There are 2 protein chains.
Amino acid sequence: MSLSQTLQALSEPNRRKIIDLLKKREMSVGEMLKHLSVTMPTLSHHLDVLKRADLISSRREGQQIIYSLNLSVVEEITEQIIKFLKI
Amino acid sequence: MSLSQTLQALSEPNRRKIIDLLKKREMSVGEMLKHLSVTMPTLSHHLDVLKRADLISSRREGQQIIYSLNLSVVEEITEQIIKFLKI
DNA sequence: GTATTATTTAGATGTACATCTAAACATCGA
DNA sequence: TCGATGTTTAGATGTACATCTAAATAATAC
């Protein structure tokens, strides 16, 4: 997971909104859909981007798929960004 | 200057390299050129992107144009990113 | 089996980005 | 007026991204 990939992933507003939602609590795709103005396939795409950047994870629960933040990765990335921006 | 724009600007490796160079000291375009594998117009373009994101500034000094980091802006942005990523 | 929830693929559109070469401009020093 | 240093424009190329609709596929619950 490169810093480029992470920053690129976080540069899209809908994806940052997803991160914001998942900071509060884990959530199914259907729930997230209510908070965003995109279609299901588009949301799936954004989730895929965030997943490939290792920022989120998913697990199945019945018919639903529950997404959650990868807390440790987020912290790690925060460190990386701080280190890079440190003057 | 939106967070999207900032993250987008920082997601390109050459531009991060420019930031890294300017963290050490201010530098002319010709000097930066020695550290990057791009043509002068391409470098000019990247400098323009970073400038529009308010991350760097320039001043003329004789025939040269000297670029420098906007320290206060970088700190501000760091705060913004930390705040966003804060769990 | 059928309905629900989500992913994936396909096809399409429109936009943005990175890069180059070549050439035109602009600014300054000598 | 040259030469040096950069910027900008123009034209071109190739890639990537965000988005949609429609349809196929997958997994699970009932």
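Structure notes:
- Restricting attention to region B:22-37 and to residues that are outside any helix (DSSP H, G or I) and either basic (Lys, Arg) or loosely packed, with under 14 Cβ neighbours inside 10 Å (or both), the residue that is farthest from DNA strand D (Cβ to nearest atom) turns out to be B:SER37.
- When residues in region B:47-87 are screened for being within 14 Å of chain A (Cβ to nearest Cβ), closer than 14 Å to B:SER28 by Cα and crowded, with 17+ Cβ neighbours inside 10 Å, 2 of them pass.
Conditions tested, residue by residue: (1) closer than 22 Å to B:LEU85 by Cα; (2) more than 10 Å from the chain's Cα centre (by Cα); (3) polar (S, T, N, Q); (4) near DNA strand C (Cβ under 8 Å from one of its atoms).
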{"residue": "A:LYS17", "(1), (2), (3), (4)": "yes, no, no, no"}
{"residue": "A:GLU31", "(1), (2), (3), (4)": "yes, yes, no, yes"}
{"residue": "A:LEU36", "(1), (2), (3), (4)": "yes, yes, no, no"}
{"residue": "A:LEU43", "(1), (2), (3), (4)": "yes, yes, no, yes"}
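- Qualifying positions in region B:1-29 - in contact with a strand residue (DSSP E or B) (Cβ under 7 Å, 6 or more places away or on another chain) and more than 9 Å from chain A (Cβ to nearest Cβ): B:LEU21, B:LEU22, B:GLU26, B:MET27, B:SER28, B:VAL29
- Members of region B:28-87 that are in contact with a helix residue (DSSP H, G or I) (Cβ under 8 Å, 6 or more places away or on another chain), touching a residue at least 40 places away in the same chain (Cβ under 8 Å) and over 18 Å from A:LEU7 (Cβ atoms): B:TYR67, B:SER68
- Enumeration of residues in region A:1-21 that are outside any helix (DSSP H, G or I) and either more than 10 Å from DNA strand D (Cβ to nearest atom) or open to solvent by less than 10 Å² (accessible area, probe 1.4 Å) (or both): A:MET1, A:SER2
The values are calculated or read from the model by the stated rules, or taken from the named source; none is laboratory data. These numbers come from a predicted model, not from an experiment. Neighbour counts are summed over all protein chains in view; Cβ atoms, including those assigned to glycine, are modelled from backbone coordinates with ideal geometry. Ligands, DNA and RNA are stripped out before the accessible areas are found, and what is left, the full protein with its side chains, is counted by its heavy atoms. Shrake-Rupley method; radii C 1.70, N 1.55, O 1.52, S 1.80 Å.
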